[in-house]
Amino acid sequence: LISALYNIVDQIFIGNSELGYIGNAATGVPFPIICIANAFAWCVGDGAASYLSICAGRKDTESSHKCVGSGITVTLIISIILAVICIIFCRPLMYLFGASELSIDLAVNYFNIIASFFSFYLLLNVMNSMIRADGSPAYAMIAMLTGAIINIILDPIFIFACKWGIEGAAWATAIGQVASCGLCIAYFIKPKNFKLSLKSF
């Protein structure tokens, strides 16, 4: 729900700006690609979270920290590959997912910024699953909500006050995701059931 909220909030503020329905179309076009990217994060994150729960049940701390480290490393690699592909082929992808001649430039400008921060977005979702599995669902929810709230606050500032238009919406989203990712990283300094080290990765 919170992941979808980022896009919904962007739609609301952009729709009420001078960009209007063209801006709404431009932010809607990349959304399926963002969902596809997120699917990779959920695949790794939910798998790692399940395995983490199994390890916690059998008090296997050695496998726990390797599971978390491997999940983070795999996600980082996947996110970089996806970001590079999306940035290089941004315009064809926007056309493929329904951009028109009216919305294509706005969609490209928006998605280029979003794709550049895929690593933070995917890592956020992977680590969030692991945090819940480690027995801290409240912390996981706060981390997710913090980014969404930051996005809601920054959207009108960047779109209307700074007059950054659709790029402002993208930067507000990106900053919110970086903040949430930062909170998730901070959790792993002292998790409940394992301890990370360089060999975990």
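Brief remarks follow.
This table checks each residue for (1) in contact (Cβ under 8 Å) with a residue 40 or more places away in the chain; (2) closer than 24 Å to ILE175 by Cα; (3) of a type in the set (S, T, N, Q).
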residue: ILE14; (1), (2), (3): yes, yes, no
residue: ASN38; (1), (2), (3): yes, yes, yes
residue: ASP60; (1), (2), (3): no, no, no
residue: CYS86; (1), (2), (3): yes, yes, no
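- A residue that is open to solvent by 70 Å² or more (accessible area, probe 1.4 Å) and under 21 Å from the mean Cα position of the chain (by Cα) occurs nowhere in region 53-72.
- Of all the listed residues (SER100, SER116, SER129), the sole one being hydroxyl-bearing (Ser, Thr, Tyr) and modelled with pLDDT of 95 or more is SER116.
- SER50 farther than 14 Å from LEU124 by Cβ, of a type outside the set (A, V, I, L, M, F, W, C), open to solvent by less than 60 Å² (accessible area, probe 1.4 Å) and assigned to a helix (DSSP H, G or I): no
- Looking only at residues of region 80-138 that are of a type in the set (Ser, Thr, Tyr) and within 30 Å of ALA56 (Cα to Cα), we find that the one that is surrounded by the fewest Cβ atoms within 10 Å (Cβ to Cβ) is SER136.
- Looking across region 146-166, the residues that are open to solvent by less than 70 Å² (accessible area, probe 1.4 Å), out of contact with any Leu (no Cβ under 9 Å at 6 or more places or on another chain) and either of a type outside the set (Asp, Glu) or modelled with pLDDT of 95 or more (or both) come down to ILE150, LEU154, PRO156, PHE158, CYS162.
- When residues of region 1-47 are limited to those that are closer than 19 Å to PHE158 by Cβ and charged (D, E, K, R), the one modelled with the highest pLDDT: GLU18
The values are calculated or read from the model by the stated rules, or taken from the named source; none is laboratory data. Remember, it's a predicted structure, so these values are computed and weren't measured experimentally. Neighbour counts are summed over all protein chains in view; Cβ atoms, including those assigned to glycine, are modelled from backbone coordinates with ideal geometry. The accessibility values were calculated without ligands, DNA or RNA, using every heavy atom of the protein model including side chains. Shrake-Rupley method; radii C 1.70, N 1.55, O 1.52, S 1.80 Å.
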